[in-house]
1. Taking the conditions exactly as written (of a type in the set (Phe, Trp, Tyr) and either within 17 Å of Thr207 (Cβ to Cβ) or at pLDDT 95 or above (or both)), does Phe103 satisfy them or not?
2. Residues to consider are Val83, Val79, Val65; find the one that is without any contact (Cβ under 8 Å) to a residue 24 or more places away in the chain, surrounded by 13 or more Cβ atoms within 10 Å (Cβ to Cβ) and within 30 Å of Glu183 (Cα to Cα).
3. Under the condition of being of a type in the set (A, V, I, L, M, F, W, C) and modelled with pLDDT of 55 or more, which residue from the range 6-33 is nearest to Val85 (Cα to Cα)?
4. Can you tell me how many residues in the range 70-118 are more than 20 Å from Ala54 (Cβ to Cβ) and outside any loop (DSSP other than H, G, I, E, B)?
5. So the check is Cβ under 6 Å with 6+ separation or different chains; which pairs have a first residue in the range 91-110 that's more than 15 Å from Arg64 (Cα to Cα) and a second one that's of a type in the set (Phe, Trp, Tyr) and assigned to a strand (DSSP E or B)?
6. Does Pro192 fit the bill of being farther than 24 Å from Val85 by Cα and within 19 Å of the chain's Cα centre (by Cα)?
7. In the range 184-207, which residues are surrounded by 16 or more Cβ atoms within 10 Å (Cβ to Cβ) and among the charged types (D, E, K, R)?
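The values are calculated or read from the model by the stated rules, or taken from the named source; none is laboratory data. Values in this document were obtained by computation on a predicted structure and should not be read as measured data. For neighbour counting, all protein chains shown are included, and Cβ atoms are generated from backbone atoms with ideal geometry for every residue, glycine included.
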Amino acid sequence: MFFRKREQQPEPVATRTGRRPGQSAREKQQELADAAPIKTFFTRLFDIHTDERAWRLGADGEERVGGLLEQLRPHGWHVEHDVRVGRRGANLDHLVIGPPGVFVVNTKALTGKVWVGGDNVMVDGRRRDYVEKLEAEAQRVRECLLGATRRRTLWVQGLLVLAHRQPVVKQQPRHVAVLHHCEVVPGLLQQPVKLGLEEVAELVEATRREATWAE
């Protein structure tokens, strides 16, 4: 009545390719909208904060950042979106691999004021555990890729990318970089080369195997 029907999505392929930016978030948002179309219509009309709104903004942010990350491909980078990890429904917003290394990108579509002081990230004065969670994601990706390749060492960098609000960064966290979406692609392209072409190819091939992420 108020929303167009959800389009039929293709069946997932056997590799990690084919996922769209924000696909999981968009599917969850559409599920909530379909379950209560009249409520969703009025909550959108009056911009009321609901779970459907949160998932919608999250999907919007992932789609925006994902579109920017696609610009890395002509520069020799590999980009994966909405990477499912393990059997419990966990997923990475984006995973990019290029000559400078492996980067796990977590996107946040925040409308409040964001302040960063080391490992402390505050949104409208309330501390959020974004850094700790992203560090855990990066470590999980590192372990998965080490287990799937012949490498003995690998540094995986976490990037916390804000899709809307420009953060106030007094000090970057120790192991995670906090960036505005307009900074992410230029920042990645400016990183020094650390991996050879064969190393990049080996890591990319590992990301495409289901066994790498099965856990």
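1. Yes: the conditions hold for Phe103.
2. Within the list Val83, Val79, Val65, the selection yields Val79.
3. Ala25
4. Looking only at that region, the number is 23.
5. Val96/Phe103
6. Judged against the criteria, Pro192 is not a match.
7. Glu199, Glu202
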